[in-house]
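Student: My structure is below; once you've seen it, I'll send some questions.
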C-alpha cells in the first residue's frame with residue numbers, strides 16, 4: 001500500500017506538518033492491519049508492507065479474505081481522514097493504492113550480524129508490490145490467485161494480462177470496483193493448498209471440456225501414487 005502522487009500531494013507542506021500527517025496515516029492503517037490479523041513488515045517511505053499467514057494462519061482462503069477486508073476498511077478510513085484533514089486546511093488528500101497477492105513466501109530473520117529484520121521475501125511478495133502501481137488512486141488491484149478466494153466479497157474487473165520484472169509467469173490482475181451488494185456463496189470449486197510434498201491449485205470453474213478429462217487423469221494418478229506410498233511399510237533394522 002502506498003500513496004499515489006505522494007510528492008506532489010505533500011510538496012506544499014512544512015516538514016512538521018508532513019510528519020504529523022504521515023504518522024496519523026501510518027497509525028490508522030496499522031491499527032486496521034493489526035485488527036484483521038496482519039503482520040506489519042515495514043514502512044518504506046510512504047508505503048506499508050503487511051502480510052498474513054505468519055506467525056498464525058487461518059488457512060490460505062481465510063487469510064486472503066482477511067486481507068481483502070483489511071484493504072476495504074483501509075480505503076474507507078482514509079476517506080474519513082481526508083475529510084478531517086481538509087477541515088484542518090490540508091488541500092491535497094492522500095489517495096492510496098493497494099496491491100494484493102496470494103502465494104507462498106519465505107518469512108524469517110534476514111540481515112547481518114549487526115542487524116536482523118523479521119521480514120518476508122520471495123517473488124510472490126514482490127508481485128504484490130508490482131500490482132500496486134497499476135491500481136488507480138484509491139484503488140485495489142489483486143492477482144488471480146487472490147481473486148478466486150474473495151470473488152464473493154467484491155465486484156472486480158479483469159485487467160489485461162501483464163508481465164512484471166522478476167515474475168516468470170504472466171499475471172492476470174483484477175481491479176476491485178465495489179463491495180458485493182449481495183454476498184455470493186463462496187465457491188467450493190477452488191482449492192489452493194500446500195503441504196510437505198504437495199502443492200495443489202484447482203479452479204474447477206476455469207476448466208473447459210477439453211481439459212477436464214486430463215485433470216481427472218492427473219488426480220487419479222496422484223491418488224494411486226499416494227495409495228502406493230501408504231502401502232509401503234517402513235523398513236526396520
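The values are calculated or read from the model by the stated rules, or taken from the named source; none is laboratory data. In this text the structure is predicted, and so the values were computed from the model without any measurement. Neighbour counts are summed over all protein chains in view; Cβ atoms, including those assigned to glycine, are modelled from backbone coordinates with ideal geometry.
Student: Inspect all residues belonging to region 8-23 and state whether any of them is out of contact with any helix residue (DSSP H, G or I) (no Cβ under 7 Å at 6 or more places or on another chain), under 20 Å from residue 128 (Cβ atoms), in contact (Cβ under 8 Å) with a residue 24 or more places away in the chain and buried (at least 16 other Cβ atoms within 10 Å of the Cβ).
Tutor: For region 8-23, residues out of contact with any helix residue (DSSP H, G or I) (no Cβ under 7 Å at 6 or more places or on another chain), under 20 Å from residue 128 (Cβ atoms), in contact (Cβ under 8 Å) with a residue 24 or more places away in the chain and buried (at least 16 other Cβ atoms within 10 Å of the Cβ): absent.
Student: Right, next: Look at residue 176 and say whether it is modelled with pLDDT of 90 or more and more than 16 Å from residue 62 (Cα to Cα).
Tutor: Against the criterion (modelled with pLDDT of 90 or more and more than 16 Å from residue 62 (Cα to Cα)), residue 176 qualifies.
Student: Can you name the helices (runs of 4 or more DSSP H) wholly within region 3-104 that have at least 3 residues being modelled with pLDDT of 85 or more?
Tutor: Filter on region 3-104 gives 15-35, 60-87.
Student: Right, next: Six or more apart or on different chains, Cβ under 8 Å: which pairs go from a residue in region 69-82 that's closer than 13 Å to residue 35 by Cβ to one that's surrounded by 15 or more Cβ atoms within 10 Å (Cβ to Cβ) and modelled with pLDDT under 90? Could you list them?
Tutor: Here the result reads 71/1; 74/1; 74/96, each pair linking region 69-82 to a residue that is surrounded by 15 or more Cβ atoms within 10 Å (Cβ to Cβ) and modelled with pLDDT under 90.
Student: Considering every residue within region 45-52, establish whether at least one is touching a helix residue (DSSP H, G or I) at 6+ places or on another chain (Cβ under 7 Å), over 22 Å from residue 107 (Cα atoms) and touching a residue at least 40 places away in the same chain (Cβ under 8 Å).
Tutor: Yes, region 45-52 has at least one match.
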